[in-house]
Structures are given as structure tokens and as C-alpha cells.
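A.B. asks: This is the structure I have questions about; it appears just below.
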Amino acid sequence: MRRLLLCCWPALAAVLLIAAAYLWSQAPEPRALAVPLQCPQGDCPVLTGAPQTMGMRSGFVRLKRGETVGWHTTGKNEEALVVLHGNGKTLIDGGPAVPFAAPALVYIPPATRHNVENTGSELLEYEYVVAPAKLP
């Protein structure tokens, strides 16, 4: 039995490699797409990573006056907020708050614990984009 396994191992490895290559090739390639921003609940994912993109994720957020998204971190990812309407501030753990008003772009570096708050009297609407960052 052992002799049989030793002689057949290269063939078995080749079959497994071919099967893995076939399954990998069946994954859909990311392609251009347009997604309408109709999110009645206020917060909705738009891009969700593979297979839509190579690692980018995004979503649309609506915050009422005084609301926050809650403290979170994007880990090894960087994040950009494209502020479409309203104003607010980004709270950075251990750092000063960063105020903004639409139209604006807010950048959040990787591994930064943060929160977003609507400080205005109107609805705050923004699109977030999260992508893998190359860390030093």
C-alpha cells in the first residue's frame, strides 16, 4: 500500500493542482458596474469585495442629526468618505476631531479607530470606500 502511494503521489498532486486551477479560473473577474444609491434603511453596502472588486468595499450612509456610525476600525484597510450632503465630524481615537462639510472627502488611515457623527441640523449622507492598504 505504501509503495502504491509513493508511486501515485505525483499523479495525485497533479490532479489536485489541475482541479484547483480549474475552480480558480471559474471565479468571475471584477467588472465595471454602476450601483444606484437607493438605501431606504439609511446604511447599505454597495461594493462587497470579491468577486465584485479585488478587495475594495463601499457603502452609502445616512445619519440623522446627532447620530453616529459607532466606533470602529478598518484594520489593515484605508478608508475614504465622500461626503455628499450635510456636515459632521470624524472622531479619531487619541486624536482631534476632524470637522467636514459637503462636498468633501475625508481620509482615514489604516488601523485607525474612528467614528463619524452628524453635527449639523440636516441629514448627513456619505459614501465610504474601504480598500486594502500597503503597510510599511
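Residue-by-condition table, conditions (1) among the small types (Gly, Ala, Ser); (2) surrounded by fewer than 14 Cβ atoms within 10 Å (Cβ to Cβ); (3) in contact with an Asp or Glu (Cβ under 9 Å, 6 or more places away or on another chain):
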residue	(1), (2), (3)
VAL69	no, no, yes
HIS72	no, yes, no
ASN77	no, no, no
ILE92	no, no, no
ALA104	yes, no, no
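A.B. asks: Right, here's the next one. Looking only at the range 105-136, which residues are part of a loop (DSSP other than H, G, I, E, B) and not small (Gly, Ala, Ser)?
C.D. replies: Scanning the range 105-136 gives PRO109, PRO110, THR112, ARG113, THR119, GLU122, LEU123, LYS134, LEU135, PRO136.
A.B. asks: Turning to a different aspect of this structure: Can you pull out the residues in the range 113-136 that are surrounded by fewer than 17 Cβ atoms within 10 Å (Cβ to Cβ), among the hydrophobic types (A, V, I, L, M, F, W, C) and more than 11 Å from GLU78 (Cα to Cα)?
C.D. replies: Within the range 113-136, just LEU123 meets the criteria.
A.B. asks: Name the pairs whose Cβ atoms lie under 8 Å apart, with the first residue in the range 57-84 and under 28 Å from PRO136 (Cβ atoms), the second among the hydroxyl-bearing types (Ser, Thr, Tyr) and not in a strand (DSSP E or B), and 6 or more positions between them or separate chains?
C.D. replies: Qualifying pairs under 8 Å: THR73/THR112; THR74/THR112.
Read-outs: derived from the displayed coordinates by stated rules, not from any lab. Everything quoted here is computed from the prediction, not taken from an experiment. Using ideal geometry, Cβ is built from the backbone for each residue, glycine included, and neighbour counts are taken over all protein chains shown.
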